[in-house]
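Novice: Questions regarding the structure given below will be posed in turn.
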Amino acid sequence: MVWRRNRYSEAHSEGYPGATKMFERTISIVIILALVLGAGSLIYWYFVPAVPISKSTSDETADWKIYRNEEYGYEMRYPEGWIAKHSSGYNDEFGIYYESNSFEGPDGSYILSFGIVPKDSDIMTPSLRTGVQAGDFVDSGEVVNIGGIEVSFKKLVYEGRVKEIFFNPFEIGDFRGNATLSYFGSTSLPELPEYDMTGKPELDVAKKILATFELLD
């Protein structure tokens with residue numbers, strides 16, 4: 001039996017000239033294309049400026065009004081339409097010193113009471129109470145960051161309705177404080193038994209106000 005070699009075998013074993021030239025031409029084209037594409041990429045990255053990735057730095061509280069307590073050295077922000085008030089002094093009836101700030105909603109029906117005083121003082125700040133009706137304190141399972149401290153809060157629930165919000169007492173540095181969100185009604189007290197604070201936007205506003213608390217240098 002005589003084995004016959006085809007042209008492909010001859011080209012590789014004996015250096016078939018046509019195939020060799022074609023192979024060399026193909027390699028040259030590939031190299032040229034690689035150089036052109038590579039140079040094009042370098043030119044693009046060198047001359048075309050990088051597009052910065054947009055990063056949202058907007059803070060909805062940035063344009064809020066500022067309440068500053070010079071005595072204890074802190075400030076808080078509150079939105080347009082809300083009113084900040086400060087009250088402190090000595091109560092003759094109860095024989096106590098007190099310190100309290102209040103942030104009132106646009107129609108005065110919601111009031112966020114907040115107080116912070118030195119730990120070693122006997123000054124009273126807003127504290128837990130039974131509210132308009134008696135009820136049960138239920139943990140919300142949520143926290144709000146006040147001055148870098150995660151503070152949980154309870155809901156005062158009466159007949160299945162949330163009546164008030166009580167933020168647990170907290171300590172920040174040399175200070176202690178607490179806060180309460182209450183609803184006093186926009187018209188008259190008879191509406192209060194049916195009122196439910198669940199899902200009301202004022203609670204979110206109150207949490208954001210508390211989260212802006214900052215000790216001054």
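The values are calculated or read from the model by the stated rules, or taken from the named source; none is laboratory data. From a predicted model like this one, the values you see are computed outputs, not experimental measurements. Because the Cβ atoms are built from the backbone with ideal geometry, glycine has one as well, and the counts that use them run over all protein chains shown.
Novice: Which count do you get for residues in segment 79-131 that are on the phi < 0 side of the Ramachandran plot and outside any loop (DSSP other than H, G, I, E, B)? Explain how you work it out, then say what you get.
Specialist: Initial filter on segment 79-131 (on the phi < 0 side of the Ramachandran plot): 79-80, 82-88, 90-94, 96-107, 109-130.
Cutting the leftovers down to outside any loop (DSSP other than H, G, I, E, B) gives us 83-88, 90-91, 96-104, 110-118, 124.
The total comes to 27.
Novice: Also, I was wondering about something else. Assess whether E104 counts as being assigned by TED's automatic domain parsing to the domain that holds P126, surrounded by fewer than 17 Cβ atoms within 10 Å (Cβ to Cβ) and not aliphatic (A, V, I, L, M).
Specialist: Taking the combined requirement at face value, the residue does not satisfy it.
Novice: Of the conditions (1) at pLDDT below 95; (2) aliphatic (A, V, I, L, M); (3) assigned to a strand (DSSP E or B), V151 satisfies every one except a single condition; which number is it?
Specialist: Of everything listed in (1) at pLDDT below 95; (2) aliphatic (A, V, I, L, M); (3) assigned to a strand (DSSP E or B), V151 misses just condition (1).
Novice: Please verify whether G199 is under 28 Å from G89 (Cα atoms), assigned to a loop (DSSP other than H, G, I, E, B) and modelled with pLDDT under 95, treating the condition exactly as stated.
Specialist: Working: under 28 Å from G89 (Cα atoms): no; assigned to a loop (DSSP other than H, G, I, E, B): yes; modelled with pLDDT under 95: yes.
Criteria not met by G199.
Novice: Right, something else. Any idea which of (1) closer than 24 Å to N69 by Cβ; (2) in contact with a strand residue (DSSP E or B) (Cβ under 6 Å, 6 or more places away or on another chain); (3) in contact (Cβ under 8 Å) with a residue 24 or more places away in the chain is the one M197 doesn't satisfy?
Specialist: Checking M197 against (1) closer than 24 Å to N69 by Cβ; (2) in contact with a strand residue (DSSP E or B) (Cβ under 6 Å, 6 or more places away or on another chain); (3) in contact (Cβ under 8 Å) with a residue 24 or more places away in the chain, the one that fails is (1).
Novice: Take the residues in segment 177-196 that are crowded, with 20+ Cβ neighbours inside 10 Å and of a type in the set (S, T, Y); name whichever of them is modelled with the highest pLDDT.
Specialist: Ranking the qualifying residues of segment 177-196, first place goes to T180.
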